[in-house]
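Below you'll find the structure, written out as structure tokens, and then a few comments.
Quick note: the coordinates plus some simple rules give every number you see, no bench work behind them. Note that the coordinates shown come from a computational prediction; the quantities given were computed from them, not determined experimentally. Note that we place each Cβ from the backbone using ideal geometry, even for glycine, and neighbour counts take in every protein chain shown.
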Amino acid sequence: MSLVVFDMGRRVETPVQPDRLRTHKTAATTALHDGQPSTHGYDAIADDAYQQAQQRPPQPVAYVQDIMSADVETLSPSDSLGLALRRFKNSSFHHFPVVDEQLQVHGILSDRDALNAMLQHTDIQHHPVSRYASHPVVCIRPSADIRQAAQTLYQYNIGALPVINEQQQLCGILTPSDILRTLSHYGPMELWA
């Protein structure tokens, strides 16, 4: 399985998602098009693009390793929350994995975690990030397909998936932005093969 959960650097049981969060098939709806030619130029362009997409051979399914960000900024468990806040301010990242010297994932600190900590406590600049980082952390393997990654992000309502290799070491991070960038850059990619 490509989905792995870590709690403070140790692998824990892979969770089973409750049925209430699973997506279910629904019946298709009928088309709203009344059969009359469209007077909007956009519809003609969209129809033309759709026809061109149908004529192309299907693209291979993209894997997490193809779209993840390999350049990951991390924090160590002993780093201060003040350092994390400065790094959030000076970078475009919203999540920092908390890892040890062997790159084992101990937690993940989001900008929201840091903001909540500031709202609940005063004078926390010197507290360690491990105190406020979320754990256990749902991680994913580089060999997982992006459909599984998207489903995991959606079902667990998380904003980032640390990517770990076979040695359980952090090797990247995947966010919804990475998936959206792939969809927007590669057009009608064949994701559902």
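Tabulated data for the structure shown
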item: From phi via Karplus (6.51, -1.76, 1.60), per-residue ³J(HN,Hα) for segment 149-159 in Hz, x at Gly/Pro; result: 5, 4, 5, 5, 4, 6, 5, 8, 6, 10, x
item: Residue-span extension gain [residue 80 to residue 168] - 0.36 nm each, minus C-alpha spacing; result: 29.2 nm
item: Cut-off 18 Å (backbone N to label point 7 Å along Cα→Cβ of residue 126), residues of segment 71-107; result: 78-86
item: Distant-in-sequence amide H partners of residue 7 (H built 1.01 Å from N, under 5 Å); result: 12, 137
item: Where labels lie 7 Å past Cα in the beta-carbon direction, separation of residue 147 and residue 118 in nm; result: 4.1 nm
item: Label zone at residue 183, where the point sits 7 Å out along the Cα-to-Cβ direction: segment 108-136 residues whose backbone N lies under 15 Å; result: none
item: Interchain or long-range residues, amide H under 5 Å from residue 169's placed H; result: none
